[in-house]
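Read the structure below first, then the notes.
The values are calculated or read from the model by the stated rules, or taken from the named source; none is laboratory data. These numbers come from a predicted model, not from an experiment. Because the Cβ atoms are built from the backbone with ideal geometry, glycine has one as well, and the counts that use them run over all protein chains shown.
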Amino acid sequence: MTSGVLETCWFALSTADRAGILDGRVCGKCGPERERYGGSVAPMKQSRRRMHAILGARKPTVAARLVERRPDGTVRAEALVEPTAPGSAETGARKAERVVRAVERIFRLGAGRLSPGEWSSLFARRTPQPDNRWTLLVRLATEPQGDEGKLRDQFAALPDGAPFSMKLLLCDRRAKAPFARLPDVLKIMALKAVLSREKEEGVFRSDREFAGLLGEWLSGQGLSPQRLVADDVSQLREKLKNNGAEGLFPKRKQRQQDCQRRLSR
């Protein structure tokens with residue numbers, strides 16, 4: 001499992017696809033899921049991105065789950081360990097405990113960064129609508145302490161069971177550009193918001209103009225203002241292409257043509 005790929009594609013997937021990933025299913029042409037639908041193709045296969053091509057057959061593992069936020073602003077998390085092979089349970093348990101300690105430390109440091117309402121949203125037992133919890137997690141992000149940087153490939157879960165990559169909480173300063181340092185899931189959310197705006201307005205922007213709208217959306221989410229340039233947009237498009245999701249963000253001319261075809265139907 002490549003956590004970066006899951007993080008990148010998560011918001012590009014349908015609800016059925018997301019549920020399938022969390023249940024350990026792969027896609028409609030893979031084994032038990034195909035049998036479940038009487039030998040026919042399951043709904044998950046209808047996605048533009050095949051599950052088996054994106055994620056492989058391994059089930060994502062969530063190492064820890066947030067349980068509660070106490071009145072003093074500290075939080076409690078619990079380790080979730082699923083032994084998979086002889087000798088692996090102990091190693092998995094140790095890593096899960098490290099994730100628990102990292103999550104509790106980061107949330108404690110960020111106690112004053114969110115409003116009471118935002119904290120309630122993060123710890124809701126049911127998925128809030130609109131769901132902006134991923135941006136809230138990024139606002140809590142801090143520099144890794146000790147060897148916490150090695151936990152970026154791990155997953156934790158919110159109280160309602162929604163998984164998130166530890167990349168959202170652990171800053172990565174290796175990239176020079178501010179936009180490149182943002183977690184991929186946040187870039188996808190910003191991208192989808194701006195694409196939706198384009199469709200509503202019927203105006204399709206150049207990469208330079210698109211960059212400005214991405215920065216505007218990020219600022220509106222309570223993040224530090226981002227000064228984006230056209231190269232940030234083209235690099236995002238190339239990264240999606242390399243991850244098998246090139247159809248998510250075509251170039252300006254293609255977006256215009258796609259819109260015209262929809263209107264002519």
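Does A162 satisfy being over 25 Å from D232 (Cβ atoms), among the small types (G, A, S) and either surrounded by fewer than 17 Cβ atoms within 10 Å (Cβ to Cβ) or out of contact with any Leu (no Cβ under 8 Å at 6 or more places or on another chain) (or both)? Answer is yes for this residue.
If you go through the range 211-225 and pick out every residue that is at pLDDT below 90 and of a type in the set (A, V, I, L, M, F, W, C), you end up with 1.
Residues that are free of Cβ contacts under 8 Å to residues at least 12 places away in the same chain and closer than 10 Å to A190 by Cβ within the range 203-217 comprise just one, E216. The residue that is farthest from the chain's Cα centre (by Cα), among those in the range 234-265 that are in a loop (DSSP other than H, G, I, E, B) and among the basic types (K, R), is R265. I'd like to check something: does the range 205-219 contain any residue that is on the phi < 0 side of the Ramachandran plot, within 19 Å of the chain's Cα centre (by Cα) and acidic (D, E)? No, the conditions are met nowhere in the range 205-219.
Inclusion of L122 among residues that are more than 18 Å from the chain's Cα centre (by Cα) and free of Cβ contacts under 8 Å to residues at least 60 places away in the same chain is not warranted. For the range 142-157, taking the residues that are touching a residue at least 24 places away in the same chain (Cβ under 8 Å) and more than 18 Å from A63 (Cα to Cα), the one that is farthest from the chain's Cα centre (by Cα) is identified as Q145.
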